[in-house]
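Novice: The following block contains the structure, expressed as structure tokens.
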Amino acid sequence: MKFAEFHTGQQLTAGPHVVNEAEIVGFASQWDPQWFHADVAAANASHWGGVIASGWHTGSIAMRLVATHFLAGSESFASPGLEYVKWPAPVKVGDALTLHIDVLDARRSQSKPHLGLVHWRWRLVNQAGQDVFETAATSLFKLVSTTQADAPAA
């Protein structure tokens, strides 16, 4: 989506992404090798009844859905960060995750008119309607300025 397609109050949806055991163990083995993410036998014998995805993996799934469905082909170039990150419920093998986004604010920067700002809340929800990930992010978009000062000299 181009920056001009975003507007305050907009609701967006992407997914589902179905999570499998190999994906959970593969991510965890490389980035978060705690037993409940990476050791299938130990996780199967635990109260989880199987491996659960790392929260960072869950956030990566959300980012992939955002990048693929909403930022591909856009003017997006960076983010100054996230306000918060929550993992209210674990992600398990077979979960089908759908991303729900609320655009909280979409505007051109007043101090830097060549920048567009999108402030949005992302929620990943499993097939049972449980939230499994939530964050609020700001994305930056490089825009063509519309001021006369930025116009090339004739």
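Novice: With respect to Thr135, is the statement that it is under 12 Å from the mean Cα position of the chain (by Cα) and under 17 Å from Val19 (Cβ atoms) true?
Specialist: For Thr135, the condition - under 12 Å from the mean Cα position of the chain (by Cα) and under 17 Å from Val19 (Cβ atoms) - is not met.
Per-residue answers, yes or no, for (1) in contact (Cβ under 8 Å) with a residue 40 or more places away in the chain; (2) among the aromatic types (Phe, Trp, Tyr); (3) out of contact with any Gly (no Cβ under 9 Å at 6 or more places or on another chain):
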residue	(1), (2), (3)
Val51	yes, no, yes
His69	yes, no, no
Tyr84	yes, yes, yes
Pro88	yes, no, yes
Arg108	no, no, no
His119	no, no, yes
Asn126	no, no, yes
Asp131	yes, no, yes
Thr135	yes, no, no
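Novice: Being of a type in the set (Val, Ile, Thr), on the phi < 0 side of the Ramachandran plot and touching a strand residue (DSSP E or B) at 6+ places or on another chain (Cβ under 6 Å) narrows it down to one of Val25, Val40, Val18, so name that one.
Specialist: The unique qualifying residue is Val18.
Novice: For segment 1-20, which residues satisfy the criterion of being surrounded by 15 or more Cβ atoms within 10 Å (Cβ to Cβ) and part of a helix (DSSP H, G or I)?
Specialist: Passing the criteria: only Phe3.
Novice: Modelled with pLDDT of 95 or more, in contact with a Pro (Cβ under 7 Å, 6 or more places away or on another chain) and among the β-branched types (Val, Ile, Thr): is that true of Ile52 in this structure?
Specialist: Against the criterion (modelled with pLDDT of 95 or more, in contact with a Pro (Cβ under 7 Å, 6 or more places away or on another chain) and among the β-branched types (Val, Ile, Thr)), Ile52 qualifies.
Novice: Taking the criterion of being of a type outside the set (D, E, K, R), under 17 Å from Arg64 (Cα atoms), in contact with a His (Cβ under 6 Å, 6 or more places away or on another chain) and at pLDDT 95 or above, would at least one residue in segment 85-104 satisfy it?
Specialist: Within segment 85-104 (the criterion being of a type outside the set (D, E, K, R), under 17 Å from Arg64 (Cα atoms), in contact with a His (Cβ under 6 Å, 6 or more places away or on another chain) and at pLDDT 95 or above), the answer is yes, since at least one residue qualifies.
Novice: Of the numbered conditions (1) more than 17 Å from the chain's Cα centre (by Cα); (2) of a type in the set (Gly, Ala, Ser); (3) within 26 Å of Ala38 (Cβ to Cβ), Ala89 satisfies every one except a single condition; which is it?
Specialist: Only one criterion in (1) more than 17 Å from the chain's Cα centre (by Cα); (2) of a type in the set (Gly, Ala, Ser); (3) within 26 Å of Ala38 (Cβ to Cβ) is unmet by Ala89, namely (1).
Novice: To continue, here is another question. Among the residues of segment 30-57, write down those that are crowded, with 17+ Cβ neighbours inside 10 Å, among the small types (Gly, Ala, Ser) and either within 23 Å of the chain's Cα centre (by Cα) or within 14 Å of Asp95 (Cβ to Cβ) (or both).
Specialist: Result: Ala38, Ala53, Ser54, Gly55.
The values are calculated or read from the model by the stated rules, or taken from the named source; none is laboratory data. Everything numeric in this text was worked out from a predicted model, so none of it was measured. Reconstructed Cβ throughout: ideal geometry from the backbone, glycine too, with neighbour counts over all protein chains shown.
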